[in-house]
Amino acid sequence: MPDCSGNYESEIEEGKNKRPVKCKFCSSVILTPSSASFATLQFDLPLIKQTKGDQTSPETENTSLFWAVTSPFIFHNVGFSNTVGNTKYLTCADCEAGPIGYHDIPSQMSYVALTRVSHGEPE
C-alpha cells in the first residue's frame, strides 16, 4: 500500500484535518482546517499522469487514506468530473490537476486522497 509511506498522523487532530489541505501543484486551498474527517478505505484512483495508451481503462493506484467530506459545499476550489459509473472524480478547480479524490454518488460522500494533496499553514 503506497499510502503508508507518508507520516500523516501529524495532520490529524481529533479525527479531522489539522491544517489546510492544498493542491500540490498550485497551492490553492481545497479544505480549511477541521472541515474533513480522516477515513481509511480502499479505492483505485486513476493516476494523475497517464501513459499514452488505451484511454478506456486508465492506470490506477490503490489508495487508502482519505479526507472524508460530507457535503460538496465544504470544499474550496474543487471541480467535479463527468459521472463515471457511480463516481465523479475531484480536481483542483484552479489548475485542474487531478484526480485528487472522488465523489461517491450513492452515499453523497467525497474523499480526498492524502497522497494527492499537500498540507499547509493557515493563511
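The values are calculated or read from the model by the stated rules, or taken from the named source; none is laboratory data. Note that the structure is a prediction, hence the values are computed from the model and not measured. Quick reminder, even Gly has a Cβ in these numbers, built from the backbone with ideal geometry, and neighbours come from all protein chains shown.
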All-but-one check, Val21 against (1) more than 13 Å from Val112 (Cβ to Cβ); (2) buried (at least 18 other Cβ atoms within 10 Å of the Cβ), failing number (1)
Picking from Phe43, Phe75, the residue that is under 14 Å from Cys23 (Cα atoms) and among the aromatic types (Phe, Trp, Tyr) would be Phe75
Ser34 fails exactly one of (1) closer than 13 Å to Gly98 by Cβ; (2) surrounded by fewer than 16 Cβ atoms within 10 Å (Cβ to Cβ), namely (1)
(1) modelled with pLDDT of 95 or more; (2) more than 27 Å from Glu9 (Cα to Cα); (3) not β-branched (Val, Ile, Thr) all hold for Leu114 apart from (2)
Does segment 101-108 contain at least one residue that is among the hydrophobic types (A, V, I, L, M, F, W, C) and surrounded by 17 or more Cβ atoms within 10 Å (Cβ to Cβ)?
no
All conditions in (1) free of Cβ contacts under 8 Å to residues at least 60 places away in the same chain; (2) surrounded by fewer than 19 Cβ atoms within 10 Å (Cβ to Cβ); (3) assigned to a loop (DSSP other than H, G, I, E, B); (4) touching a strand residue (DSSP E or B) at 6+ places or on another chain (Cβ under 7 Å) are true of Gln42 except (3)
Scanning segment 72-123 residue by residue, the ones that are more than 12 Å from the chain's Cα centre (by Cα) and closer than 19 Å to Gln50 by Cβ total 7
By residue number, the members of segment 55-86 that are more than 28 Å from Glu9 (Cβ to Cβ) and surrounded by 15 or more Cβ atoms within 10 Å (Cβ to Cβ) are Pro58, Gly79, Phe80, Ser81
Those residues of segment 8-33 which are at pLDDT 95 or above, among the polar types (S, T, N, Q) and under 17 Å from Leu65 (Cα atoms) amount to Asn17
The residue that is farthest from Ala36 (Cα to Cα), considering only those in segment 62-112 that are aliphatic (A, V, I, L, M) and either in a loop (DSSP other than H, G, I, E, B) or touching a Pro at 6+ places or on another chain (Cβ under 8 Å) (or both), is Ala97
